[in-house]
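S.K.: Handing you this structure, nothing more for now.
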Amino acid sequence: MIAIEELRKRYGDVVALDGVSLTVEEGESLGLVGTNGAGKTTLFRLLVGHETPDSGRVRVAGVDPTAGVRVRERVGYLPESAGFQPVLTGREVLAFHAEMRGGGGADSRVDTLLGIVGLPDAADRPVGGYSNGMNRRLGLATALLGDPDVLLLDEPTAGLDPGGVAAFNRVVDRVREERDVTVVLSTHVLSEVEALCDRVAVLDDGEFEAVGTVDEVARAAAETVTVTARYADPAEAVGRLRDTLSVADLADETGVDLTRTPDGVDLSCDRDDVTAVLGAVVETDPESVAVDEPGLEAAFREAVDLGGEPA
Amino acid sequence: MSEDDRRRGDDARDDAENSRADAGHTRTDGGAAAGSVAEQARATVGATETASAYSLDHADQVLGVARREYAVLFRACWHYGLALVFGAFSLAVVGLTGSAAGSASAGALLFTLAELSVYLVPLAALALGYGTVVGARERGTLELLYSLPLPREGVLVGKFLGRAATFAAGVTLGLAAGGLLVVVRYGIGLVPAYLHYLLTAVAVGVAFLSVGVCLSVVASGKARALGAALLAWVWFVLVYDLVALGAVVAFDPPQWALTAITVGNPADALRVVVLTLVPSGTGGVGATLAASSVPAWALVGGLVAWIVVPVFVGGRLLSARA
């Protein structure tokens, strides 16, 4: 549905995108994450034809975005900075966008979308009185009006409170269930990507640092896994664990890092040694065992070279 | 364009789009030979769509943008504001001219209206126009408009038309109030000349609105657009006439040069039209130009050019930025 090949875009001396390639299949949802200025918005603007690439090729729904306006008949786009005329009502905003996109049944389409985004009661109020979250949901409705094949959402939940984020994501989830639409979503909220997206692409300084399913990207970056074991007598358990691990077949010769906690032991080990470490732990009769794999956030921090622990 | 022509165009566009979609798909799969097919299809469709961008295909959408712009400005009270300003202006001029001069001639009244309108009309029009694009950009509404299947030029033309209609409605309503007083004081004999003045004032205002819209495209921020609009007002209303008068006195230019000087400033068109209607003994560049018999076609053509060219240039600039 979306195909990008060796795409480059530069603004003066600033390289926004540096030869990126990517494909997004029909019906797939892709999360685009990256630091501010990584090139996410530039990529969206290229996909919708608001910018022309310096080189490379873009196809969205088989259409070249730079050749006229036809790509915008197939794409619903919610820009990060989308705003509305405050004197118009939500219904009027949607009616205008429906008129612009043509096709019959504008009124029923507007009513349906107002229901989907949860704004039927506020439909006849001026948009100037809407909350931030309501504005974003109205923006999503405008993007959906043309029944698009591709939905591009540029940081749609930026500035929303947790309730607003949850409400917005429920709508996106519902849209994905009800319509066969390809979604590309950029966000700084990684849990959003984990909840909504099939795949994730980490963009940094105009290049993709990692692309894959959420699990693939998280696992590829998570070199170290922590096994947490609870014991009735942690002091005694440490000694037994050292003995057991000393004969364990570990891939990482640097071994396992044991840390005693008030009610047990934390064992940090290489991903490849998790099975061996778990075997050793089970032999020491723990009360409980848990495996903590670093998630997407760790992968993101490693990919964009942020380092350190999340705040 | 005939129905057959339109149908042939649609068929060609559909064929081109299908071939482009196919080519794009093949290319995605990595077919080496697909590149040339894709290029060919892209070239075909690109040419077709470029042509359609300026055709009537988007006329309904442009009018839709214009209607929305008009509705937004109506709710923002621009109509009432313009009507109030021009109503107060015209009532004051008609009332004060009559009371001050007692038997003041109708010609003097129209001359006074035209002279003062030269200051007020461009100011109001530039004030309405300078935020057209840059204001929408800062508010975030422009990006959403750009996401619609409508060329940027179409968005700009639609916004311009909506604002021009707003300006025309507000100014007509306001000056009509003065017109009623003119009828009361001078009878209906002066109505045709007053209507002529009113229409010219609206046309000149729309020309300045076009200039304001163009400045709004060029400016990087609303404050800069406002500054540029004020500079434009100073140039056209204050400085241009001084330069023109100096040129007329110093060089005694030929007729074609006088015509060029007149059409070079839409504000002068207003002066000249009114002075042509009601000659007066008052001096100034307007009187000089009026006395030189600038042809009507040049005045009309000049005003049309001032209305069309700035918006066209603005549209091209917007398109070039994509």
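S.K.: Which residues belonging to the range A:96-139 lose at least 40 Å² of 1.4 Å-probe accessible area when the assembly is complete, relative to their chain isolated?
M.R.: A:PHE96, A:HIS97, A:GLU99, A:MET100, A:ARG101
S.K.: Provide the per-residue ³J(HN,Hα) series for the range A:133-138, in order, calculated from phi with Karplus coefficients 6.51, -1.76, 1.60 and θ = phi - 60°, each as a whole number of Hz, with x at glycine and proline positions.
M.R.: In residue order, the calculated couplings are x, 5, 4, 5, 5, 5 Hz.
S.K.: Once you keep just the Cα pairs under 8 angstrom separated by 6 or more residues, what percentage relative contact order results for the range A:223-293? Write out the running numbers ahead of the final one.
M.R.: Numbers: 120 pairs, mean separation 37.7, N = 71.
Relative contact order of the range A:223-293: 53 percent.
S.K.: Can you give me the % of accessible surface on the range B:112-269 that is carbon or sulfur? Probe 1.4 Å, all protein chains present, nothing else counted.
M.R.: Details: 4310 of 5660 Å².
The C+S portion of the solvent-accessible surface of the range B:112-269 is 76 percent.
S.K.: Report A:SER288's accessible area, 1.4 Å probe, all protein chains in place, as a number in Å² to the nearest 10.
M.R.: 50 Å²
S.K.: Moving on. Interface B/A, total buried accessible area with a 1.4 Å probe, nearest 100 Å²? Before the final figure, lay out each step's value.
M.R.: Working: alone 15770 and 14910 Å², together 27190 Å².
What B and A bury together is about 3500 Å².
S.K.: In what sequence, largest accessible area first, do B:TRP256, B:TRP235 appear using a 1.4 Å probe?
M.R.: Working: B:TRP256 180, B:TRP235 110 Å².
Solvent-accessible surface, decreasing: B:TRP256, B:TRP235.
S.K.: Now for a separate question. To the nearest 10 square angstrom, what accessible area does A:HIS188 show with a 1.4 Å probe?
M.R.: Near enough 90 Å² of accessible area.
S.K.: Relative to the Cα centre, what is the charge dipole magnitude of the range A:32-158, using +1 at the beta carbon of each Lys and Arg, -1 at the beta carbon of each Asp and Glu, and rounding to the nearest 20 debye?
M.R.: Details: 13 positive and 15 negative charges, 43 e Å.
Around 200 debye, computed over the range A:32-158.
S.K.: Under 5 Å between amide H atoms, partner at least 5 residues away or on a different chain: which partners does A:GLY34 have, H built in plane at 1.01 Å?
M.R.: Placed amide hydrogens put A:THR187, A:LEU203 under 5 Å from A:GLY34.
S.K.: Among the GluC sites (Glu not before Pro) within the range A:143-234, which fall in a DSSP loop and have no more than 15 other Cβ atoms within 10 Å of their own Cβ?
M.R.: Values: sites: A:GLU177, A:GLU178, A:GLU192, A:GLU194, A:GLU207, A:GLU209, A:GLU216, A:GLU223; in loops: A:GLU223.
In loop regions of the range A:143-234 (DSSP not H, G, I, E or B), the sparsely surrounded GluC sites (Glu not before Pro) are A:GLU223.
S.K.: To continue, here is another question. Roughly what angle does helix A:90-101 make with the longest principal axis of chain A, taking Cα atoms, 0 to 90 degrees, to the nearest 10?
M.R.: Taking the Cα atoms of chain A, the angle to A:90-101 is about 70 degrees.
S.K.: Let me ask you something else. About its Cα centre, what dipole magnitude does the range A:159-286 give when the only charges are +1 on Lys and Arg Cβ and -1 on Asp and Glu Cβ, stated in debye to the nearest 20?
M.R.: On the way: 11 positive and 29 negative charges, 101 e Å.
Dipole size: approximately 480 debye.
S.K.: Let me check the size of chain A from its C-alpha atoms; what are the radius of gyration and Dmax in Å?
M.R.: Rg then Dmax for chain A, in Å: 24.2, 76.
S.K.: Using Cα positions and a limit of under 22 Å, work out the lysines in reach of A:LYS40, with same-chain residues fewer than 8 apart set aside.
M.R.: Excluding near neighbours in sequence, the set is A:LYS9.
S.K.: State, to one decimal in nm, how far the label point of A:ASP205 lies from the label point of B:LEU96, with both points 7 Å from Cα in the Cβ direction.
M.R.: If labels sit at A:ASP205 and B:LEU96, their model points lie 6.7 nm apart.
S.K.: Still on this structure, I have one more. Relative contact order (percent) for chain A, with alpha-carbon contacts under 8 angstrom and 6 or more residues of separation?
M.R.: On the way: 601 pairs, mean separation 60.6, N = 311.
19 percent.
S.K.: So, one more: With +1 on each Lys and Arg Cβ and -1 on each Asp and Glu Cβ, and nothing else charged, work out how big the dipole of the range A:178-244 is about its Cα centre, in Debye to the nearest 20.
M.R.: Values: 6 positive and 15 negative charges, 79 e Å.
About 380 debye.
The values are calculated or read from the model by the stated rules, or taken from the named source; none is laboratory data. For clarity, every value in this text was computed on a predicted model and none was experimentally measured. We place every Cβ from the backbone using ideal geometry, glycine too, and count neighbours over all the protein chains shown. Calculation scope for accessible area: heavy atoms of the full protein, side chains included, ligands and nucleic acids excluded. Shrake-Rupley method; radii C 1.70, N 1.55, O 1.52, S 1.80 Å.
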